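Accompanying notes for the structure given below.
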């Protein structure tokens with residue numbers, strides 16, 4: 001960037017800074033992840049109002065500063081995802097989606113498809129908070145991995161190329177493995193294999209449902225692939241449900 005830049009952005013994270021400012025982590029279609037400062041935004045009469053909060057989709061004018069942070073000079077709301085903000089589960093799912101994007105795509109390299117995928121996920125959660133499930137979160141991560149070139153190999157053994165007897169998953173190998181190559185892998189069932197194939201092949205709104213034991217295998221496959229090939233460990237795809245009657249966190 002050089003000089004004023006007009007861009008759309010999703011606010012991934014917003015942190016208080018000083019007496020009245022905020023530091024923003026933004027994701028943009030043409031400039032990747034961007035850091036910015038919004039000066040005076042926490043003052044009662046700020047011209048930005050409350051729109052520089054996480055999960056807002058905005059049109060921004062950013063001015064390049066001397067350091068790593070750009071300065072927000074103008075902001076208009078494209079979508080505030082109001083309904084999403086009224087449900088704790090949807091808010092949690094949105095936070096995990098934004099965290100995954102910010103950590104997996106942390107440079108200024110442009111990925112318009114990732115920006116569009118994130119906006120689509122936020123719109124889905126806003127349209128139906130019941131979609132804030134572990135299955136949805138894992139389908140979203142699998143699509144992010146595909147965009148990053150890290151999608152697991154699922155069509156054949158990633159060690160020898162065998163297409164039958166695919167019984168394990170190896171994060172180091174980057175995908176499923178056959179019975180002859182399963183050393184160092186963990187067992188993965190046909191349902192988990194099918195979930196990953198379907199999640200990658202279907203639209204995000206059509207992410208398949210699955211039982212928790214299946215989703216556990218998928219989550220482990222996603223986590224081990226990211227740890228081995230991106231040296232990255234993300235939060236679980238969804239918060240675990242508390243047992244009935246369990247105390248709420250303070």
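Each reported figure results from applying straightforward, stated rules to the coordinates on display, with no laboratory input. All values reported here derive from a predicted model rather than from experimental measurement.
Run the helix sum for the chain: -39,500 (n - 2.57) per DSSP H stretch of 4+ residues, divided by residue count, reported at 222 nm to the nearest 500 deg cm²/dmol.
Taking each H run of at least 4 residues, the total per residue is -10000 deg cm²/dmol.
Across the stretch 117-231, the mean sequence separation of Cα contacts (distance under 8 Å, 6 or more residues apart), normalised by length, yields a relative contact order of 27 percent.
Against the chain, whose longest principal axis is taken from its Cα atoms, helix 88-104 shows a tilt of about 80°.
The angle between the Cα long axis of helix 134-147 and the main principal axis of the chain comes to about 80°, on a 0 to 90 degree scale. Pairwise Cα separations in the chain fall into 5 Å bins from 0 onward with the following percentages, short to long: 1, 6, 13, 15, 16, 14, 12, 9, 6, 4, 2, 1, 0, 0.
How would the stretch 121-250 be classified by its alpha-carbon gyration tensor: rounded, prolate or oblate, with rounded meaning a/c under 1.5 and the a/b versus b/c comparison settling the rest? Here the stretch 121-250 falls in the prolate category.
Between the Cα long axis of helix 212-229 and the first principal axis of the chain there is an angle of about 70°, rounded to the nearest 10.
Counting 0.36 nm for each residue step from residue 205 to residue 156 and taking away their Cα separation leaves a gain of 15.0 nm. Taking every alpha-carbon pair in the stretch 4-79 and binning the separations at 5 Å intervals from zero gives 4, 18, 31, 30, 14, 3, 0 percent.
Classify the stretch 45-175 from the C-alpha gyration tensor, please: rounded if a/c falls under 1.5, else prolate or oblate depending on whether a/b exceeds b/c.
Numbers: a/c = 3.51, a/b = 1.76, b/c = 1.99.
It comes out oblate by the Cα gyration axes.
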